[in-house]
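Enquirer: Got a structure for you, written out below as structure tokens; questions coming shortly.
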Amino acid sequence: MKTLHHDTEFDNAMLFYHYVMVMKEGKMIGGGLIEAYNDYEIQIGNKLYARKNTSFIEAPAPQAPISL
């Protein structure tokens with residue numbers, strides 16, 4: 001799992017349809033595919049999340065098996 005910080009990382013997640021988990025204060029508050037973004041917000045599905053004080057983590061989709 002990788003935390004996304006830079007615009008190029010958000011571009012790659014959009015281009016390759018990577019699932020992104022949205023975390024705030026240690027809790028998952030959303031997730032899905034990135035639809036759009038700007039300097040202030042990230043749109044995942046139909047919801048907007050502020051880039052400030054929020055973490056965006058590239059992760060396997062919840063229904064995907066995770067093998068170690």
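Readers should treat all values here as calculations from the given coordinates under stated rules, not as data from a laboratory. Not measured: the values here are computed from a predicted model. Methodologically, a virtual Cβ is constructed for each residue, glycine included, from the backbone with ideal geometry; neighbour enumeration extends over all protein chains shown.
Enquirer: For segment 13-43, name all the residues that are among the β-branched types (V, I, T) and either surrounded by fewer than 15 Cβ atoms within 10 Å (Cβ to Cβ) or over 16 Å from M1 (Cβ atoms) (or both).
Expert: Looking only at segment 13-43, we keep the residues that are among the β-branched types (V, I, T), and these are 20, 22, 29, 34, 42.
Passing the criteria: I29, I42.
Enquirer: Show the residue pairs that are 6+ apart or on different chains and have beta-carbon atoms under 7 Å apart, the first residue being within segment 10-28 and touching a residue at least 40 places away in the same chain (Cβ under 8 Å), the second being acidic (D, E).
Expert: A13/E58; H18/E58
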